[in-house]
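To start, the structure itself, in structure tokens.
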Amino acid sequence: MITPLRFSLWLGFLTLGLTALARAELTVDINQGVEGTMPIAIVPFGQEALAGDNLAGIIAADLKNSGRFTPLDEVQMPERPVPPEAVNFPVWQSAGQEHVVIGQVVPGVGGAAYEATFTLFDAIRGTSLLSDRIPFKASDARHTAHRMADLIYQQLTGERGISNTRIAYVTASGAGKTREYRLQIADADGQGAREVMSSSEPIMSPVWSPDGKRMAYVSFEDRKAAIYVQNLSTGERRTVSATPGINGAPAWSPDGSTLALTLSKDGNPEIYTLDVASGALNRITRDDAIDTEASWSPDGRSLVMTSDRGGKPQLYLVSATGGEPQRLTYEGDYNARGVFSPDGRSLAMVHGGEGGYRIALMDMGSRHLKMLTRGRLDESPSFAANGRVILYTRKDGGRDQLAMVTVDGQSQRNIPIRGGEVRGAAWSP
Amino acid sequence: MMKKLAMGGLLLVLAISGCSSKGGLDETNAGASAARRGHAKAGGAGHAYADVGRNSQFTGLGDLDSGTGPLSKRVIYFAYDSDDVLPEYEPVMTAHAEYLASHPQQTAVLEGHADERGSSEYNIALSERRARSVERSLRLQGAAEGQLQIVSYGEEKPAVSGHEESSWQQNRRVEIVYSGH
């Protein structure tokens, strides 16, 4: 029986649901442009003041890489206005462009060397949707373009943009005595790489703290595994775990206070949580099998991990305070390195099957598993902060590369990285 | 079967030749990279190795350096997804166990390795399992607990860099690394 109170609650839920539905449909409509993406024109900026970086080109590449836009080729543009009032909307409508961005760079005032101004137009209605002005110094030109791309992305999708985020990865080069491992950080498009640390011994599994200021990683520099936490601005670091055996797979809790990690000090690999400030250790799993690769749910209450307690590596969910793990994956003989999407609704993983090891995505509601990549040796999945794109490593054609794939599996691309084989990947918050 | 054994022999030769550059390796590099970062820590292990190397000249370790015989075989290979020490390695295991039993001051690191397939941290766990399997065999035949240390490298230090089975079978291995050799 539905009581009046319950009925009104139901009504409330129904209304909410309908609103969400309407929004979803709207989003789908917007996306039904060329190849399911939104057309947009980023007109070359008037930037005589700034040599070198082509800001419009960077913005267009960022929007294309988001998987949600198809920027118009420069050669197909009907006009190239610079001041906002010079835009002729009908010619853009004829060119099939709903959105047009124009901008310019002028010498800055005060401390800044330059100032970028840009406007995003709705070419159909002939209105300005967004206009902003960003002072910057010469070395920040690319970042300024990424910021503009994120502002445009957010305006048109309602979601946070990820162009101005960073990625961390480990490269390995050389052989024997000249072998060199480097932990590096670059912009999300692979540009502007800088070294965090290097060693003649392996470096593994870098992970960003939730505030993006610190990084935890595994280093074998003492000829055995230890986990370090390094402050990225000062370079200062400390050893947080160096127990006998494995010290691996560090993962930050969402509040940044705790690291989940894998230790084998008690005989075989088990999951522990470590309070970073106090050093207090809490054992989560107790099993003769391998338990490793813990990753936190966004609410910080659970961990997903890889375990072969059932005979083959599969993903399990366990409370972050310990308890009986529950098996999550049943499809295939190899499911490992599970990581939650930022909204917790899906789980990316390495799925091994006939064709190789691929990045797959499981819907936590339906438990349906969807293949996102088609490589032979794909691993190390890491979500962008907005959950729309996954960074991973691949080995195809004899080359180890960084790559990105959108969560709908529609768009995949390589990230150009210098410095040798790429061995681990982590996207910044 | 013959083919398999011959292949195994070939792999051993390959691995041993690769191994010679292994023992004393990289103290300089580790030290240099540590200095570059402004951390003195990474140098520590290197010095320990160097000291043992000097002392070892007085403890009759010529056997280990002879380059022939079962003691010169320092790499144990494994089947896919397996941590079983294959029967063909029994003489090698026995020789190392007896050597360790008769040289109680000698220590060794058992370096576990995996091929590159699948997730890197899971491979760390798999390669530790292999190293523990070798440790168990050596312990059963007389090596003492304090003589053996395990380091699992997973897929991070491949012996061969190719992306196919012929490379992978050379990478699924445990290397016995004697300190000072």
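The values are calculated or read from the model by the stated rules, or taken from the named source; none is laboratory data. Here the structure is a predicted model, which means the values were calculated and not measured. Note that we place each Cβ from the backbone using ideal geometry, even for glycine, and neighbour counts take in every protein chain shown.
For the reader, a short list of remarks on this structure follows.
- Residue among A:Val422, A:Val350 that alone is within 21 Å of A:Ser307 (Cβ to Cβ), touching a strand residue (DSSP E or B) at 6+ places or on another chain (Cβ under 9 Å), aliphatic (A, V, I, L, M) and within 14 Å of chain B (Cβ to nearest Cβ): A:Val350
- Identity of the residue in the range A:398-409, modelled with pLDDT of 90 or more and assigned to a loop (DSSP other than H, G, I, E, B), that ends up farthest from the other protein chains (Cβ to nearest Cβ): A:Asp408
- Among the residues of the range A:235-249, some residue qualifies, meaning at least one is in contact with a Ser or Thr (Cβ under 8 Å, 6 or more places away or on another chain), in contact (Cβ under 8 Å) with a residue 24 or more places away in the chain and more than 9 Å from every other protein chain (Cβ to nearest Cβ).
- Verdict on A:Thr157 being away from chain B (no Cβ under 14 Å) and free of Cβ contacts under 8 Å to residues at least 12 places away in the same chain: no
- Only one entry of A:Lys370, A:Lys395 meets the criterion of being modelled with pLDDT of 95 or more, in contact with a strand residue (DSSP E or B) (Cβ under 6 Å, 6 or more places away or on another chain) and assigned to a strand (DSSP E or B), and that entry is A:Lys370.
- Among (1) within 11 Å of chain B (Cβ to nearest Cβ); (2) over 10 Å from A:Tyr169 (Cβ atoms); (3) out of contact with any Phe, Trp or Tyr (no Cβ under 6 Å at 6 or more places or on another chain), the one test that A:Thr393 misses: (2)
- Residue within the range A:193-213 that is in a loop (DSSP other than H, G, I, E, B), within 22 Å of B:Ala159 (Cβ to Cβ) and polar (S, T, N, Q) present: yes
- Among (1) farther than 28 Å from A:Lys213 by Cβ; (2) facing chain B (nearest Cβ under 9 Å); (3) of a type in the set (A, V, I, L, M) - the single one A:Ala289 does not satisfy: (2)
- Any pair with Cβ under 9 angstrom, 6 or more apart, that starts in the range A:278-300 at a residue that is touching a residue at least 40 places away in the same chain (Cβ under 8 Å) and ends at one that is loosely packed, with under 12 Cβ neighbours inside 10 Å: A:Asn282/A:Thr321; A:Pro298/A:Asp343; A:Gly300/A:Asp255
- Of all residues in the range B:147-168, those that are under 17 Å from B:Tyr80 (Cα atoms) and within 7 Å of chain A (Cβ to nearest Cβ) have Cβ atoms under 7 Å from Cβ atoms of residues that are surrounded by fewer than 19 Cβ atoms within 10 Å (Cβ to Cβ) and of a type in the set (Gly, Ala, Ser), 6 or more apart or on another chain, in B:His163/A:Gly398.
- Some residue of the range A:77-89 being among the aromatic types (Phe, Trp, Tyr) and closer than 13 Å to A:Ile42 by Cα: no
- Scanning the range A:166-208 for residues that are on the phi > 0 side of the Ramachandran plot and either more than 14 Å from chain B (Cβ to nearest Cβ) or without any contact (Cβ under 8 Å) to a residue 12 or more places away in the chain (or both) yields A:Gly176, A:Gly190, A:Gly192.
- B:Glu116, sole failed condition from (1) within 14 Å of chain A (Cβ to nearest Cβ); (2) free of Cβ contacts under 8 Å to residues at least 24 places away in the same chain; (3) outside any helix (DSSP H, G or I); (4) not aliphatic (A, V, I, L, M): (2)
- Just so you know, in the range A:82-124 the residues that are more than 19 Å from A:Tyr153 (Cα to Cα) and of a type in the set (D, E, K, R) include one that is surrounded by the fewest Cβ atoms within 10 Å (Cβ to Cβ), and it is A:Glu85.
- Within the range A:355-367, being part of a strand (DSSP E or B) and touching a residue at least 24 places away in the same chain (Cβ under 8 Å) holds for A:Ile359, A:Ala360, A:Leu361, A:Met362.
- Failed condition for A:Gly344, given (1) part of a strand (DSSP E or B); (2) modelled with pLDDT of 95 or more: (1)
- Within the range A:136-151, none of the residues are crowded, with 20+ Cβ neighbours inside 10 Å, within 14 Å of another protein chain (Cβ to nearest Cβ) and assigned to a strand (DSSP E or B).
- When A:Gly111 is tested against (1) at pLDDT 95 or above; (2) more than 14 Å from chain B (Cβ to nearest Cβ), exactly one condition is not met: (1).
- For A:Ala186, the stated conditions do not hold, so it cannot be described as buried (at least 18 other Cβ atoms within 10 Å of the Cβ), at pLDDT below 95 and outside any loop (DSSP other than H, G, I, E, B).
- Number of the exception - A:Arg423 against (1) under 21 Å from A:Ala251 (Cα atoms); (2) at pLDDT 95 or above: (2)
Each row is one residue, and each column tells you yes or no for (1) assigned to a strand (DSSP E or B); (2) farther than 16 Å from A:Trp208 by Cβ; (3) more than 25 Å from the chain's Cα centre (by Cα).
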site: A:Val240; (1), (2), (3): yes, no, yes
site: A:Ala249; (1), (2), (3): yes, no, no
site: A:Leu259; (1), (2), (3): yes, no, no
site: A:Thr262; (1), (2), (3): yes, yes, no
site: A:Lys265; (1), (2), (3): no, yes, yes
site: A:Gly279; (1), (2), (3): no, yes, yes
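- Residues located in the range A:85-135, provided they are in a helix (DSSP H, G or I) and of a type in the set (Val, Ile, Thr): A:Val91
- Scanning the range B:134-146 for residues that are touching a residue at least 40 places away in the same chain (Cβ under 8 Å) and crowded, with 19+ Cβ neighbours inside 10 Å, we see that the one that is nearest to the other protein chains (Cβ to nearest Cβ) is B:Val134.
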